Structures are given as structure tokens and as C-alpha cells.
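Q: Sharing a structure here in C-alpha cells format.
The values are calculated or read from the model by the stated rules, or taken from the named source; none is laboratory data. Fair warning: this is a prediction, and the values are worked out from it, not measured in the lab. Heads up, the Cβs are rebuilt from the backbone with ideal geometry, glycines too, and the neighbour counts pull from every protein chain shown. These area figures cover heavy atoms from the full protein model, side chains too; ligands, DNA and RNA do not enter into them. Shrake-Rupley method; radii C 1.70, N 1.55, O 1.52, S 1.80 Å.
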Amino acid sequence: MAELAGLEDPKARAVNEKHGDDHGVNLGKLRALAKRLKTQQELACRLWETDDSAARLLVILICRPKAFGRAELDTMLREARTPKVHDWLVNYVVKKNPHAEELRLAWSADPDPVVAGAGWALTTERVAKNPEGLDLPGLLDTIEADMKDAPGRLQWAMNHCLAQIGIEHTEHRTRAIDIGERLEVLKDYPTPPGCTSPFAPAWINEMVRRQHG
């Protein structure tokens with residue numbers, strides 16, 4: 001914890017706080033620390049209990065993703081207060097855990113929109129890598145009905161799923177683009193030059209163009 005405190009950078013904290021994150025550690029330096037520590041599950045579990053965001057990001061880099069039980073991951077997700085910890089936990093730990101599919105189903109139906117967003121993130125992963133058994137038309141029905149009025153992080157996750165369906169599944173592409181155009185979610189999101197807009201129709205068309213480039 002003392003070493004993490006020594007990595008604190010006021011400029012990094014100012015940038016992070018704009019995104020809802022409450023730490024000031026440069027992520028490159030955090031990754032270097034994790035590389036030095038290597039995998040340490042016991043230390044990871046102790047660091048998680050500190051409730052410190054930088055420590056929890058370090059946890060995610062040094063833990064063994066497959067070592068956590070389903071209930072542990074559910075508790076950890078609900079304790080992950082900030083966007084970066086939440087996103088890293090889902091992407092670097094939950095996706096590699098044998099309970100990922102059970103958690104996807106449970107979280108997708110959770111009344112907490114942040115938890116539901118994690119369920120949608122896991123669904124997006126399946127859309128891209130393992131779509132067998134998914135009801136893609138049903139997912140599009142839910143997105144069409146609920147995405148427009150969904151809270152921020154849940155809306156973002158549903159939008160990503162919409163785009164992924166359009167990118168990966170030709171037979172659903174026209175409908176995905178149509179839903180995006182009608183709902184206009186993230187249409188005016190500020191996008192830096194050279195970056196792809198998160199507006200689903202633009203995102204789908206750009207990624208398809210690259211695939212066939």
C-alpha cells in the first residue's frame with residue numbers, strides 16, 4: 001500500500017476523476033509493479049479488502065482468475081465501486097472464470113443497472129466468440145425496448161452488444177443498424193480524430209469496412 005501511495009500522480013488523479021475513478025496511479029507503473037509481484041492469490045485477496053481502487057486494480061493483475069468461486073465474484077463485482085475496477089474485473093477475471101456463464105445469466109437479470117451492465121458485457125463476449133445457443137433476435141428485442149432509457153453504464157454495455165451483433169452476424173446487421181439509427185444512443189458522443197464512434201451504426205459500418213478492407 002505504501003508503494004502504491006508512492007506512485008500517486010495528481011495529474012493522473014485529475015484525469016481519472018473525470019471518468020469516475022478515484023485513484024491517481026499511472027496504469028503503466030501499476031502494470032510494472034504487477035509484473036514484479038507475479039501471481040499471488042493470497043496477497044490479492046488481502047489487497048481487495050483495503051477498498052482502495054489502485055490496490056484493487058493491482059489485485060486484478062496478480063490474482064488467479066480461476067481461483068474465485070461464483071459467490072466471491074458476485075460480491076467483488078458489487079463492491080467494485082469505480083468504472084475501471086468494474087471493467088477490469090469483468091474483462092480480466094470473470095471472463096476467464098469457469099462460472100462466467102452462470103454469472104452472465106444472473107447478472108443480466110439483476111435490478112442493479114451496474115451489475116446488469118456486467119451481464120451484458122459477458123453477453124457481448126459470447127456474441128463475438130461463442131454465439132451458439134444465444135437468442136440473438138431476443139437480445140435485439142430487449143435492446144430495442146430498453147436501451148434508450150437505460151442508465152449510463154448499462155446503456156453503454158447494451159450498445160456495445162448491439163454493435164457486436166451487427167459486426168459479427170450478417171443476418172442481423174440491417175436490423176442492428178436500424179435499431180441504432182432510431183434510438184440514436186451515443187450518436188453525439190465526442191470522438192477524437194482517428195477513433196471509431198461508439199454510435200452503433202457508425203461502429204458497425206467501420207468495423208465491417210475494416211474486415212473487408
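Q: Evaluate the range 72-94: report whether one residue or more is surrounded by 14 or more Cβ atoms within 10 Å (Cβ to Cβ) and of a type in the set (Ser, Thr, Tyr).
A: yes
Q: Quick test of your reading of the structure: Leu103 fulfils all but one of (1) open to solvent by less than 20 Å² (accessible area, probe 1.4 Å); (2) under 11 Å from the mean Cα position of the chain (by Cα); (3) within 25 Å of Ala67 (Cβ to Cβ). Name the failing condition by number.
A: (2)
Q: Between a residue in the range 144-168 that is open to solvent by 50 Å² or more (accessible area, probe 1.4 Å) and any residue that is not aliphatic (A, V, I, L, M), which pairs come within a Cβ distance under 6 Å, given they are 6 or more apart or on different chains?
A: Qualifying pairs under 6 Å: Pro151/Pro113; Arg153/Gly117; His160/Thr124.
Q: If you go through the range 120-140, how many residues are within 16 Å of Ile179 (Cβ to Cβ) and either in a helix (DSSP H, G or I) or modelled with pLDDT under 95 (or both)?
A: Residues that pass the stated criteria total 9.
Q: Now a separate question. Collect the residues in the range 178-192 that are farther than 11 Å from Leu140 by Cβ and either assigned to a helix (DSSP H, G or I) or in contact with a Lys or Arg (Cβ under 7 Å, 6 or more places away or on another chain) (or both), keeping them in residue-number order.
A: Within the range 178-192, Glu181, Arg182, Leu183, Val185 meet the criteria.
Here is a yes/no grid of residues against (1) more than 18 Å from Trp120 (Cα to Cα); (2) touching a His at 6+ places or on another chain (Cβ under 6 Å); (3) not acidic (Asp, Glu):
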| site | (1), (2), (3) |
| --- | --- |
| Asp146 | no, no, no |
| Pro151 | no, no, yes |
| Trp156 | no, no, yes |
| Leu162 | no, no, yes |
| Ile165 | no, yes, yes |
| Ala176 | no, no, yes |
| Glu184 | yes, no, no |
| Lys187 | yes, no, yes |
| Gly213 | yes, no, yes |
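Q: For Trp107, indicate whether it is touching a residue at least 12 places away in the same chain (Cβ under 8 Å), assigned to a helix (DSSP H, G or I) and in contact with a Cys (Cβ under 7 Å, 6 or more places away or on another chain).
A: no
Q: Looking at the range 193-208, can you tell me whether even one residue there is polar (S, T, N, Q) and assigned to a helix (DSSP H, G or I)?
A: Yes, the conditions are met somewhere in the range 193-208.
Q: Here are the criteria: (1) touching a residue at least 12 places away in the same chain (Cβ under 8 Å); (2) of a type outside the set (Asp, Glu); (3) in contact with a Ser or Thr (Cβ under 9 Å, 6 or more places away or on another chain); (4) under 18 Å from Glu101 (Cβ atoms). Tell me which single one Leu134 does not satisfy.
A: The number of the failed condition is (1).
Q: Let me ask you something else. Could you check the range 1-96 for helices (runs of 4 or more DSSP H) lying wholly inside it with 1 or more residues that are under 22 Å from Ala121 (Cα atoms), out of contact with any Phe, Trp or Tyr (no Cβ under 9 Å at 6 or more places or on another chain) and among the charged types (D, E, K, R)?
A: 70-79, 83-88
To keep it simple, each residue is scored yes or no on (1) within 21 Å of Ala67 (Cβ to Cβ); (2) charged (D, E, K, R).
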site	(1), (2)
Glu3	no, yes
Lys11	no, yes
Gly24	no, no
Thr39	yes, no
Leu43	yes, no
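Q: Regarding Ile177, is this residue of a type in the set (Val, Ile, Thr), over 30 Å from Arg64 (Cβ atoms) and touching a Pro at 6+ places or on another chain (Cβ under 9 Å)?
A: Answer is yes for this residue.
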